[in-house]
Structure formats: structure tokens, C-alpha cells
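Just below is one structure, and these are the notes that go with it.
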Amino acid sequence: MSSNKCLLMDAGNSSIKLALAGKNGLGTSFELPTDMRETSDSLGLKILAFFEQEQIKPHDVHAWLIASVVPRLNPVIKRSGKNICSAKVYQVPRDLHPAITNRYDNPGELGADRLVSAFAARMIYPHEGIIVVDFGTATTFDCVIKKDYYGGLICPGLYSAAQSLNTLTARLPWFSMEEAGDTLEICRGTARGLAQGTVFGFAAMTDGLISGLKKLMPQDTLVVATGGGADVLIPLCGYVDELQPALLHQGLLFTAIDNKIL
């Protein structure tokens, strides 16, 4: 087994998504819930379980690349990488910068996930303009023109908004997104009304914001979606052109290749 493998990690507010990468590209992904109580040992045991599932020995992995929006976990992840793999742990974009120009007013304010996903989309698609819509804990809209990241919009996330309705209201019932169906109707039940209002409302918000942003972008602009809520919303959105579920991991992979780590 070749030791020229990297562990790619998307450390988000709701989950930590892992994938192994080698010369042949991305392998299987693995998802853990984000836990602020995590220690380097507890995280290491979970990652070792992933390695065992993939029939990989820790010494087969020589580097970890991390895009993290959870600063508290960064030192935990670094210690875990050193302890279980004796691996170099690179934070992107702090240690390794994707080949895209960050034109945010305060570049350090921009989440690593947004920059890395924008870079991946730039590498995959030839269009002059790209809008990346990430349906995660927050819903983000990121605008790329040529090789420049220009900025975007941040809105509530589909599932976090639904959770707020469930936890902050006394009489509204729990509901499942699957109850929304695929056709808008005048609902005669509260749970279905919540599901339809949430899902169709987010789809309408997505289309409305994309429509507005495209007026500010080059004529040749592609819209790419990613994130956990994409599967629910994309069928109801008319302005999304492509779905890339592993966009952030692809951005980390491209960064590793550019920096000769793979």
C-alpha cells in the first residue's frame, strides 16, 4: 500500500467530513458530528476507525489538509494528526493557500470552507463567472470571476432554520423535510405546512438571490451547489446548473497537488 496518501478534513459547525486522497483522486468520505468536547485521543480513535474501514494503516497517510471553521478544534486536530499518523497537518488557507485571489475586504474574515470550495469550482469549470451555493449550517453564495474570489452572501441554513422552529416555538410540531413533497400546495396540516414553507421558501430564496447576483456577474456564469441540504433543494431550484457534493474535498485535493503534497 502506497504511503502517498492525504487525509482531507472539512471541519464544519455541524459535522466533520473526512476523505482520503491519493494519486487516483478522492476516496470514500466519512462524516462525524462536530463535538466541542472532542479531545485529540477521542478524535484519533474515530479517525482510526475510518482508516480501518478503508483498510489503511496510519503510516500510509503522510499529511492532513484541513479546512476548518471551528477554531477551538484546530489544535485538537493537529495533535491528533501528529499522534496517530506522525503526519504533517496543514490548515488551508493558513499554511497552504489555494491558487485563487481573495478580494474580501478583510481576507482573514472569510471562512476557509468558502474559499476552498470556490477554488475547487474554479478548477473544475471554465466559465468566466461562478456562483457557489453551499447548503450547510448556513447557506452561502460565493462569487468567483476568473481567478478572483469577490465575496458573496450568508443566509440561515435549511436545517438550522428548521431546528430553530422546532426548539424556539412551544406549539409547532417537529417536522421532516420529506413531508414537503415536490408540489406546492395550500396545506391543511401544521407539520406539512412547516415542511412546505421551509423547503419551498428556501428554494425560492435561493433562486431569488441567484437571479440578483447573476445581474452583477459576467454573462458566462455557472451556478454550482454543494452541502448537506442540496439534495432536498436542488430539485425545486430553477437557477442551479451543477451539483458537486464533494466540492470542498476537491478543493483540498487540488491544493495538495498544487503544493506537491500528492
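The values are calculated or read from the model by the stated rules, or taken from the named source; none is laboratory data. Just so you know, these numbers come straight off a predicted model, no measurement behind them. Glycine gets a Cβ as well: all are built from the backbone with ideal geometry, and neighbour counts include every protein chain shown.
Every residue, every condition in (1) over 30 Å from V199 (Cα atoms); (2) of a type outside the set (A, V, I, L, M); (3) touching a Ser or Thr at 6+ places or on another chain (Cβ under 8 Å); (4) assigned to a helix (DSSP H, G or I), yes or no:
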{"residue": "I77", "(1), (2), (3), (4)": "yes, no, yes, yes"}
{"residue": "K82", "(1), (2), (3), (4)": "yes, yes, no, yes"}
{"residue": "V89", "(1), (2), (3), (4)": "yes, no, no, no"}
{"residue": "L96", "(1), (2), (3), (4)": "yes, no, yes, no"}
{"residue": "F119", "(1), (2), (3), (4)": "no, yes, yes, yes"}
{"residue": "I130", "(1), (2), (3), (4)": "no, no, yes, no"}
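Would you call A99 more than 21 Å from the chain's Cα centre (by Cα), of a type in the set (A, V, I, L, M, F, W, C) and under 23 Å from L20 (Cβ atoms)? Criteria not met by A99.
Within region 169-194, restricting attention to residues that are buried (at least 16 other Cβ atoms within 10 Å of the Cβ) and among the aliphatic types (A, V, I, L, M), the residue that is nearest to the chain's Cα centre (by Cα) is M177. Per the listing E128, E109, the residue uniquely of a type outside the set (K, R), modelled with pLDDT of 95 or more and within 25 Å of D207 (Cα to Cα) is E128. Of everything listed in (1) crowded, with 17+ Cβ neighbours inside 10 Å; (2) modelled with pLDDT under 95, the single unmet condition for G197 is (1).
Of the residues making up region 178-188, none is closer than 20 Å to V144 by Cα, of a type in the set (K, R), free of Cβ contacts under 8 Å to residues at least 60 places away in the same chain and assigned to a loop (DSSP other than H, G, I, E, B). When region 70-90 is filtered for residues that are surrounded by fewer than 17 Cβ atoms within 10 Å (Cβ to Cβ) and under 21 Å from I257 (Cα atoms), the ones remaining, listed by number, are S86, K88.
Conditions (1) out of contact with any helix residue (DSSP H, G or I) (no Cβ under 9 Å at 6 or more places or on another chain); (2) assigned by TED's automatic domain parsing to the domain that holds A138, marked per residue:
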position: E178; (1), (2): no, no
position: D182; (1), (2): no, no
position: G197; (1), (2): no, yes
position: M205; (1), (2): yes, yes
position: G208; (1), (2): yes, yes
position: G212; (1), (2): yes, yes
position: K215; (1), (2): yes, yes
position: Q219; (1), (2): yes, yes
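Every condition in (1) modelled with pLDDT of 90 or more; (2) surrounded by fewer than 18 Cβ atoms within 10 Å (Cβ to Cβ) holds for S164 except the one numbered (1).
Could you pull out the residue among S80, S29, S40 that is at pLDDT below 95 and touching a helix residue (DSSP H, G or I) at 6+ places or on another chain (Cβ under 8 Å)? So the residue among S80, S29, S40 that is at pLDDT below 95 and touching a helix residue (DSSP H, G or I) at 6+ places or on another chain (Cβ under 8 Å) is S29. Taking the numbered list (1) touching an Asp or Glu at 6+ places or on another chain (Cβ under 9 Å); (2) in a helix (DSSP H, G or I); (3) among the polar types (S, T, N, Q) in turn, T140 passes all entries but (2). I'm told V240 meets every condition in (1) in a loop (DSSP other than H, G, I, E, B); (2) surrounded by fewer than 20 Cβ atoms within 10 Å (Cβ to Cβ); (3) not aromatic (F, W, Y) except one. Can you identify the failing condition by its number? Every listed condition holds for V240 apart from (2). The condition of being closer than 30 Å to D41 by Cβ and among the aromatic types (F, W, Y) holds for only one of Y159, Y104, Y125, Y149, that being Y159.
Within region 146-160, the set of residues being buried (at least 20 other Cβ atoms within 10 Å of the Cβ) and at pLDDT 95 or above comprises Y149, G152. If you check A21, A11, A67 for being crowded, with 21+ Cβ neighbours inside 10 Å, aliphatic (A, V, I, L, M) and in contact with a Ser or Thr (Cβ under 8 Å, 6 or more places away or on another chain), only one passes: A11.
If you go through region 115-151 and pick out every residue that is within 15 Å of the chain's Cα centre (by Cα) and farther than 21 Å from G25 by Cα, you end up with 12.
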